[in-house]
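A short worksheet on the structure shown next.
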Amino acid sequence: MKVFNTLTRQKEEFKPLVPGQISMYVCGPTVYNYIHIGNARSAIAFDTIRRYFEYKGYQVKYVSNFTDVDDKMINEARAEGTTVPELAERYIKAFLEDTTALNIEPATLHPRATHEIPAIIDFVQNLIDKGYAYEVDGDVYYRAKKFANYGQLSDQNIDQLEEGASKHVNDEEQGRKEDPIDFALWKGQKAPDEIAWDSPWGKGRPGWHIECSVMSTKYLGDTFDIHGGGQDLEFPHHENEIAQSEAKTGQKFVNYWLHNGFVTVGKDEEKMSKSLHNFVTVHDILQKVDPQVLRFFMASVQYRSQINYSEENLEQAATILNRFKNTLEDVEGRLSDQTASQADPELTAALSKTKEAFEAAMDDDFNVQNALTAIYELLPVVNSNVNSAASDKEALKTFVKNLKAWLLVFGVDAGRLVKSESSEDDSEIEALVAERTKARQEKNWARSDEIRDQLQAMGIVLKDTPQGTRWSRE
RNA sequence: GGCGGUGUAGCCAAGUGGUAAGGCAGAGGUCUGCAAAACCUUAAUCGUCGGUUCGACUCCGAUCCCCGCCUCCA
């Protein structure tokens, strides 16, 4: 299979370090608020990728961090009159709730910056010892120009970076650095009430970039397969991770860099961000949108493409999920009726063709659009078989099995889709359906329609088929 | 200014040097007592201007629009 590697800006044949196993690290959120749909997009993009690897039979070790200390955390905690650890606890919990609702698999490991302070200090000290870092008044900075390949990931030219940097100089900090493009590995404590840990350079806390280098190499090794994150992290975050990690280990840090596209909002399709005040949290959306719909919508856009978040696009996703639901229900109905099975070579052929097309599409840098197209083209073949006098029950069973596996790659739980859990009013519904069937036999259409309306008001949808009337919940 | 992405029917969205997949919505039809669901039929010459070619949406050049990164950010 092929993946688009940001490092080389082209699709490359994917080969894991260890056959059958994949190590991947994905930058997680800073936990100072509910996650927004941009965070969700990243989590969903890489969860979908992970699930496809698992579909293919790979064993995936998936590490994703929580940034639980940094300026934003400190500011927010201050604003709320609480502590950084309390803030972190609260929003990590919220993160897990939201991602569970979106059917995102928990990471194999969810390390946290504040739980790795000794390892971070060792890492920084190692960089100082090697001459890649220097201490100034309790801060430690990375000497970017010392790292020969600085800028390789984002194709940035160091000289031009300096120009850019000079426009945004944070005067005070810049004064301490040897060079404007140097970045902080360790930040000295600025105020007595600021959260801090003891270090060889005095009290302080880790810089943002260092935690990812430390945690990824600690849990996945000096070199690992895949590192993911949003496009906005390419520079400087990932650039800096490479510089830190490779300077320390002398090994190639990551073989494949994958970056997901943004979520845009509104008619102007602006990037969603806090500073533009147009961000939407998952927590809020899920008050009114079915989590499966949001999940499917975001998973159905290729990870590198931009997603425009809009009501209309969500509705389209909901419509498609509804088609899957209807087909699954109809198939289940046929599988449980008493008619004889009859082989349908066309359906059998379509099934294997779809499987092939689905996998070929996903093997091509996770081309989810083409993978879905393959499934869409299969539906009419299946539905036609379902509607025929004698269906191919063996083939339909295979279809259900395959569809479930395919939908799971997108994070959609087919079982939840058709959720036919029984409830206390089941017997009442059955009775009404039976009464309606009797009324229909007597051609009492008025009564028949009355019952249907009554059921509809209860959220029950009826389907009259040659094999009898079936009902399901909306 | 540097780097990168994007522009295909109302919307979402594939794709290739040889005459534009698929989905949604819309329209028509079939099935149905009527519905629902399903099935069938149905629409674009691919931002603009040049060039290469027997032939380009796909290659080259120019140009325009939009979006992002270069500063915290998924």
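Heavy-atom accessible area for A:SER423, with the other protein chains in place and a 1.4 Å probe, reaches approximately 50 Å².
Sort A:THR217, A:THR348 by accessible area with a 1.4 Å probe, largest first.
On the way: A:THR217 15, A:THR348 75 Å².
Most to least solvent-accessible, the answer reads A:THR348, A:THR217.
At R0 = 25 Å, how high is the FRET efficiency between A:ASN308 and A:GLN231 if r is their beta carbon distance? Nearest 0.05 is fine.
Details: r = 15 Å, r/R0 = 0.62.
After rounding, the FRET efficiency stands at 0.95.
Surface exposure of chain A, expressed per residue as accessible area with a 1.4 Å probe, stands at 46 Å².
Largest accessible area first, the residues A:ILE195, A:ILE74 order themselves as A:ILE195, A:ILE74 under a 1.4 Å probe with ligands, DNA and RNA left out.
Net charge in the neighbourhood of A:PHE399 (other residues with Cβ under 12 Å of its Cβ; Lys, Arg +1, Asp, Glu -1) is +1.
Counting only residues at least eight positions apart within a chain, or on another chain, the lysines with an alpha carbon under 30 Å from that of A:LYS203 are A:LYS72, A:LYS93, A:LYS130, A:LYS145, A:LYS146, A:LYS177, A:LYS187, A:LYS190, A:LYS218, A:LYS248.
Each residue of segment A:101-107 was assigned a 3J(HN,Hα) from its phi angle through the Karplus curve 6.51 cos²θ - 1.76 cosθ + 1.60 (θ = phi - 60°); the sequence is 4, 8, 6, 8, 4, x, 5 Hz, with glycine and proline shown as x. The residues neighbouring A:ARG51, those whose beta-carbon lies less than 12 Å from its own, together hold a net charge of -1 under the Lys/Arg +1, Asp/Glu -1 convention.
At the residue level, A:LYS72 shows approximately 90 square angstrom of accessible surface with a 1.4 angstrom probe and all protein chains present.
Find how much the distance from A:LYS438 to A:LYS353 grows on full extension, using 0.36 nm per residue of separation minus their present alpha carbon separation; answer in nm with one decimal. Can you show the working numbers first?
Values: separation 85, 0.36 × 85 = 30.60 nm, distance 4.37 nm.
Additional length available on full extension: 26.2 nm.
The phi torsions of segment A:321-337, fed into the Karplus equation with coefficients 6.51, -1.76 and 1.60 and a -60° offset, translate into couplings of 4, 5, 5, 4, 4, 4, 5, 4, 5, 5, 5, 4, x, 5, 5, 9, 8 Hz, rounded to whole numbers, with Gly and Pro shown as x.
A:PHE14 exposes around 10 Å² of accessible area when a 1.4 Å probe is run over every protein chain in place.
So how do A:MET215, A:MET1 rank on accessible area, 1.4 Å probe, biggest first, that is with the largest at the start? Kindly include the intermediate steps, with their values, before the conclusion.
Numbers: A:MET215 0, A:MET1 35 Å².
Final ranking, largest accessible area leading: A:MET1, A:MET215.
Quick check: residue separation of A:ASN126 and A:THR469 times 0.36 nm, minus the Cα distance between them. What number comes out in nm? All intermediate terms of the calculation are to be shown ahead of the outcome.
Working: separation 343, 0.36 × 343 = 123.48 nm, distance 7.22 nm.
My answer for the length gained is 116.3 nm.
For chain A, adding -39500 (n - 2.57) for each run of n ≥ 4 DSSP H residues and dividing by the number of residues yields -15500 deg cm²/dmol at 222 nm.
Considering only protein heavy atoms and a probe of 1.4 Å, how much of the accessible area of chain A is carbon and sulfur, as a whole percent?
Numbers: 10450 of 21670 Å².
Here carbon and sulfur together make up 48 percent of the probe-accessible area.
What the Cβ-Cβ distance of A:ALA446 and A:ASP337 gives, at R0 = 51 Å and to the nearest 0.05, is a FRET efficiency of 0.95.
The values are calculated or read from the model by the stated rules, or taken from the named source; none is laboratory data. A quick note: this is a predicted structure, and the numbers were derived from the prediction, not measured. All Cβ positions, even for glycine, are placed from backbone atoms using ideal geometry, and neighbour counts span all protein chains on display. Accessible surface is based on the protein model in full, side chains and every heavy atom, while ligands, DNA and RNA are left aside. Shrake-Rupley method; radii C 1.70, N 1.55, O 1.52, S 1.80 Å.
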